[in-house]
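The values are calculated or read from the model by the stated rules, or taken from the named source; none is laboratory data. Note that this is a predicted model, so its numbers are computed, not measured. In this analysis, Cβ positions are derived from the backbone assuming ideal geometry, glycine residues included, and neighbour counts consider all displayed protein chains. When the accessible area is computed, the model is the full protein with side chains, heavy atoms only, and any ligands, DNA or RNA have been set aside. Shrake-Rupley method; radii C 1.70, N 1.55, O 1.52, S 1.80 Å.
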Amino acid sequence: MKPLRALSALAVIGLLVSLAACSSMGTAPTRPAGWAAPETLVPPSAFHGVHGLAVDAKGRLLAGTVVGNDMWEVDRKTGAAKVFIASPEGQADDIAVGPKGELAWTSYLQGIVRLRESDAAPIRIVAKDLPGINSLAFDMKNGKLYASQVFLGDALWEIDLAGGKPPRLIVKDMGGFNGFEVGPDGQLYGPLWFKGQLVRINPADGAITVLNREFKIPAAANLDGKGNLWAVDTRTGEVAKVALADGRKTVVTTLATSLDNLAIAPEGTVYVSNMADNAIIEVDPATGRSKPLISGRLAVAGGMKYVGGALWIADTFSFRRIDPQSGAVTDIARMQASDLEYPMTVGLGTKQLALVSWFTGTVQLVDRASLKTATMLHSFKAPYDAIPLDDGSVLVAEIATGSLLRASGADFKDRQLVAGGLAGPVQMVLGRDGAVYLTEAAGNLLRIDLATGAKTVVAGQLALPEGLAQTPWGSFIVAESAARRLVEINPADGTRRTVAENLPIGLAPGPGLPPPYIVTGVAVADDGTVFVSADRNNAVLKIRPQR
């Protein structure tokens, strides 16, 4: 045999990986001859988080998504859903129907208000450069359109329907005037998200009158034409009505938390959206009885890891555990009912999990034993993955800077550069040889030596590689999202073979967002079974090795 010094860098890597796999796992499963066809473990669902709702002049129930960038139409009898206005124009946080049947909606991540006079009319931009434009409503008497910024701004505007004049500022710094409606008196009725209040706002001068202060996080409100303002509380799951005459609150029913919006149909049915469940729920206003019109097990299937006999998935609006045998999905935490901050990927350490959000720039460390938050790290620049290490530090991959950082010290404020010049770091795992294996959006699988920061290309010319996981026999399974396939890569020589193809992965981002967008998660069980999260339809697929 050749002396070790004569081996290529990849061969040395392969040898180290193989030795580490054998020593750490005892008798590991052997490399399979091939792979079975993918099975559905968790079924797909419509939407990618569901937000604003509206019943239009034709009686159609319309539902908006932000992450999915589409507006959907939902059959009010069967719950069947189909795309009504496609991405990117269809991105809708809220939807409003005007007095002439026109349709307006807010594209939250694009900062745009769009309008269409009819199904056959062109879509027009009537306002732009409004970060976090969130909710909107028409005055059904005079046709005026109002819209509010929330989270990425805090202001209320009157929008020029012709799009020729800039929006008129009515009031700012209200406290998050979220899903609202215009009453027959021309006043605006809605919630203040950050103050727990339902209020009335005079659009002429911005004067605010508090109607009720008994909510935790009110997300939206609608008038029923009978003297009541209906509202949903995203933290408690309450669907309540508040009498306009005296502000008295009556809880009609309590649903799952993470409620987002509501719409009242002409006959009185109250439709409520739940972003964590991709659900629209029907509520009978007289009895409070409720039933799901449509729902899903996952909202936005993202980054995923396997450990302890379970799959752990970041679902953007929740953090969940999946039984790899039955596909049963269990909530660990949900947005607004916990301290989650839009988790998009999951990093794995021996004692902790890391929930990572490029949208909020956060890394949330979760104790694996208690599943409670240990600490929240802020101020990263579009982090896409993180690994908690045994020494207490955390590795963080920032796509905005192309860096792999080690955060440590008091409050993790010491940020040391491990490796720079990365071409879009997406996902990473700690290999059994002690090195980090990382996918670059530019098309590479890298090995990074943590002691020196040295980078070695294990495999190149991959089609937007995202999720990855190491097999028990030492190879790596990588999701090529742009090619919609999984490949197995031998770290010894970079050779690869296809595991599965024509997969529902590679959800396209909206304008200006990072190309990996929602990460395709990959996980491998102890027996070599591969799992992949499908960001196009929110399914989780299971692929068994064939020997």
Determine, yes or no, whether PHE317 is of a type outside the set (Gly, Ala, Ser) and touching an Asp or Glu at 6+ places or on another chain (Cβ under 8 Å).
no
Does at least one position in segment 106-125 carry a residue that is closer than 30 Å to ALA243 by Cα and in contact with a strand residue (DSSP E or B) (Cβ under 9 Å, 6 or more places away or on another chain)?
yes
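For segment 472-497, enumerate the residues that are within 29 Å of the chain's Cα centre (by Cα) and open to solvent by 40 Å² or more (accessible area, probe 1.4 Å). Explain how you work it out, then say what you get.
Looking only at segment 472-497, we keep the residues that are within 29 Å of the chain's Cα centre (by Cα), and these are 476-489.
ALA482, ARG484, ARG485 - these are the residues of segment 472-497 that are within 29 Å of the chain's Cα centre (by Cα) and open to solvent by 40 Å² or more (accessible area, probe 1.4 Å).
Being among the aliphatic types (A, V, I, L, M), touching a residue at least 40 places away in the same chain (Cβ under 8 Å) and open to solvent by less than 10 Å² (accessible area, probe 1.4 Å) is the filter here, so list the residues in segment 107-144 that pass it.
VAL113, LEU115, ALA127, ILE133, LEU136, ALA137
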Does segment 476-492 include one or more residues that are under 23 Å from LYS542 (Cα atoms), in contact with a Gly (Cβ under 8 Å, 6 or more places away or on another chain), of a type outside the set (D, E, K, R) and in a strand (DSSP E or B)?
yes
Name the residues in segment 55-78 that are open to solvent by 10 Å² or more (accessible area, probe 1.4 Å) and either touching a Cys at 6+ places or on another chain (Cβ under 7 Å) or of a type in the set (A, V, I, L, M) (or both), would you?
VAL55, ALA57, VAL66, VAL67
Being closer than 22 Å to GLY101 by Cα, of a type in the set (Gly, Ala, Ser) and either in contact with a helix residue (DSSP H, G or I) (Cβ under 9 Å, 6 or more places away or on another chain) or assigned to a loop (DSSP other than H, G, I, E, B) (or both) narrows it down to one residue among GLY206, GLY153, GLY186; which is it?
GLY186
Which one of these is without any contact (Cβ under 8 Å) to a residue 40 or more places away in the chain, under 19 Å from GLY247 (Cβ atoms) and open to solvent by less than 10 Å² (accessible area, probe 1.4 Å): ASN228, ASN212?
ASN212
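I'm checking my understanding of the structure. Among residues of segment 308-331 that are in a strand (DSSP E or B) and under 22 Å from GLY361 (Cβ atoms), which one is most open to solvent (accessible area, probe 1.4 Å)? Steps first, answer last, please.
Initial filter on segment 308-331 (in a strand (DSSP E or B)): 310-314, 318-322, 329-331.
The next check asks that each one be under 22 Å from GLY361 (Cβ atoms); those that pass are 312-314, 318-319.
Working: TRP312: 26, ILE313: 0, ALA314: 0, SER318: 0, PHE319: 3 Å².
If we take residues in segment 308-331 being in a strand (DSSP E or B) and under 22 Å from GLY361 (Cβ atoms), then TRP312 is most open to solvent (accessible area, probe 1.4 Å).
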Any idea which residue in segment 252-292 is most open to solvent (accessible area, probe 1.4 Å), counting only those that are farther than 24 Å from LEU136 by Cα, of a type outside the set (Ser, Thr, Tyr) and assigned to a strand (DSSP E or B)?
LYS291
Scan segment 420-430 and tell me whether some residue there is touching a Cys at 6+ places or on another chain (Cβ under 9 Å) and either part of a loop (DSSP other than H, G, I, E, B) or closer than 22 Å to VAL300 by Cβ (or both).
no
Taking the conditions exactly as written (among the hydroxyl-bearing types (Ser, Thr, Tyr) and under 25 Å from the mean Cα position of the chain (by Cα)), does SER379 satisfy them or not?
yes
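Please find, within segment 399-426, the residue that is least open to solvent (accessible area, probe 1.4 Å) out of those that are of a type in the set (S, T, N, Q) and over 20 Å from GLN352 (Cα atoms).
First, pick out the residues of segment 399-426 that are of a type in the set (S, T, N, Q): 401, 403, 408, 416.
Restricting the remaining residues to those that are over 20 Å from GLN352 (Cα atoms) gives 401, 403, 416.
Details: THR401: 59, SER403: 16, GLN416: 103 Å².
So, considering only residues that are of a type in the set (S, T, N, Q) and over 20 Å from GLN352 (Cα atoms), the one least open to solvent (accessible area, probe 1.4 Å) is SER403.
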Mind telling me which of the residues ALA104, ALA92, ALA162, ALA96 ends up being part of a loop (DSSP other than H, G, I, E, B) and either free of Cβ contacts under 8 Å to residues at least 24 places away in the same chain or under 22 Å from LEU62 (Cα atoms) (or both)?
ALA92
Could you tell me which of the residues VAL396, VAL346 is part of a strand (DSSP E or B), β-branched (Val, Ile, Thr), touching a Lys or Arg at 6+ places or on another chain (Cβ under 7 Å) and open to solvent by less than 30 Å² (accessible area, probe 1.4 Å)?
VAL346
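Just to check your reading of the model, which residue among LEU503, LEU541, LEU507, LEU513 is at pLDDT below 95, hydrophobic (A, V, I, L, M, F, W, C) and out of contact with any Gly (no Cβ under 6 Å at 6 or more places or on another chain)?
Working: LEU503 fails: at pLDDT below 95; LEU541 fails: at pLDDT below 95; LEU507 fails: at pLDDT below 95.
That would be LEU513, the only listed residue that is at pLDDT below 95, hydrophobic (A, V, I, L, M, F, W, C) and out of contact with any Gly (no Cβ under 6 Å at 6 or more places or on another chain).
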Evaluate the following for ILE294: is it touching a residue at least 60 places away in the same chain (Cβ under 8 Å), in contact with a strand residue (DSSP E or B) (Cβ under 8 Å, 6 or more places away or on another chain) and within 23 Å of ALA263 (Cβ to Cβ)?
yes
Residue in segment 31-48 that is open to solvent by 50 Å² or more (accessible area, probe 1.4 Å), without any contact (Cβ under 8 Å) to a residue 60 or more places away in the chain and among the acidic types (Asp, Glu) present
no
Odd one out for ALA500, checked against (1) part of a strand (DSSP E or B); (2) within 27 Å of SER45 (Cα to Cα); (3) open to solvent by 10 Å² or more (accessible area, probe 1.4 Å); (4) not polar (S, T, N, Q):
(3)
Can you tell me which residue is nearest to VAL356 (Cα to Cα) among those in segment 427-470 that are open to solvent by less than 30 Å² (accessible area, probe 1.4 Å) and β-branched (Val, Ile, Thr)?
VAL429
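Out of LYS381, LYS305, which single residue is on the phi < 0 side of the Ramachandran plot and either open to solvent by 50 Å² or more (accessible area, probe 1.4 Å) or without any contact (Cβ under 8 Å) to a residue 40 or more places away in the chain (or both)? Steps first, answer last, please.
Working: LYS305 fails: either open to solvent by 50 Å² or more (accessible area, probe 1.4 Å) or without any contact (Cβ under 8 Å) to a residue 40 or more places away in the chain (or both).
From the options LYS381, LYS305, the qualifying one is LYS381.
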